[in-house]
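Undergrad: Before anything else, here's the structure in question.
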């Protein structure tokens, strides 16, 4: 039997973005803690930030805990976007539930970290050109 591991939230890069990493088998209590960390960061920032959600380990989501935990940060005015890498069908169901509940469509889906990094670089270039 596999051991549950924590969902972790760490700084992603110098932009202030966060990296939320999900293991294959999830420690239930860590879901709440991870979303609290994201909320705390969002509450204490002055500029919108992205949350990179790494699902490449194909996690076995706990649906209700994940949706309830994600609701507040998903709807937070300082959340720029969820940048989801390696989504499985359950992740897409969670995403659709959050979009339906909040009427806020701020999820971007990527197959690889490289695709997500390319998207972020393009967004940075667009913002730089507008300034």
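Undergrad: Based on the mean of other Cβ atoms within 10 Å per residue, sort peptides 101-107, 25-31 so the most packed one is first.
TA: Descending mean neighbour count gives 25-31, 101-107.
Undergrad: Find how much the distance from residue 58 to residue 14 grows on full extension, using 0.36 nm per residue of separation minus their present alpha carbon separation; answer in nm with one decimal.
TA: Stretched fully, the residue 58-residue 14 segment lengthens by 13.1 nm.
Undergrad: Assuming a ≥ b ≥ c are the square roots of the Cα gyration tensor eigenvalues, decide whether the chain counts as rounded (a/c under 1.5), prolate (otherwise, with a/b larger than b/c) or oblate.
TA: In terms of gyration-tensor shape, prolate.
Undergrad: Below 8 Å, C-alpha to C-alpha, sequence gap of six or more: please give me the relative contact order for the stretch 69-129 in percent.
TA: With pairs under 8 Å counted, the relative contact order is 37 percent.
Undergrad: Please order 22, 109 by the number of other Cβ within 10 Å, starting at the fewest.
TA: So the ranking, lowest neighbour count to highest, is 109, 22.
Undergrad: With r as the distance between the Cβ atoms of residue 27 and residue 104 and R0 = 25 Å, compute the FRET efficiency 1/(1 + (r/R0)^6) and round to 0.05.
TA: Taking R0 as 25 Å, the efficiency between residue 104 and residue 27 is 0.35.
Undergrad: Sticking with this structure for a sec: From the square roots a ≥ b ≥ c of the eigenvalues of the alpha-carbon gyration tensor of the stretch 1-42, which class results: rounded (a/c under 1.5), prolate (a/b over b/c), or oblate?
TA: Because a/c hits 1.5 or more and a/b fails to exceed b/c, the stretch 1-42 counts as oblate.
Undergrad: Counting only C-alpha contacts under 8 Å and six or more residues apart, can you give the relative contact order of the stretch 8-130 as a whole percent?
TA: The normalised contact order for the stretch 8-130 reaches 22 percent.
Undergrad: Relative contact order for the stretch 1-72: what percent, with Cα pairs under 8 Å and sequence separation of 6 or more?
TA: 35
Undergrad: Which one, 33, 21, 64, has the greatest fluctuation when you compute a Gaussian network model over the chain with C-alpha springs under 10 angstrom?
TA: Between 33, 21, 64, it is 64 that shows the largest mean-square fluctuation.
Just so you know, all these numbers are worked out from the coordinates, no wet-lab data involved. Bear in mind the structure is a predicted one, so any value in this text is a computation, not a measurement. With ideal geometry, Cβ positions are generated from the backbone for all residues, glycine too; neighbour counts draw on all protein chains shown.
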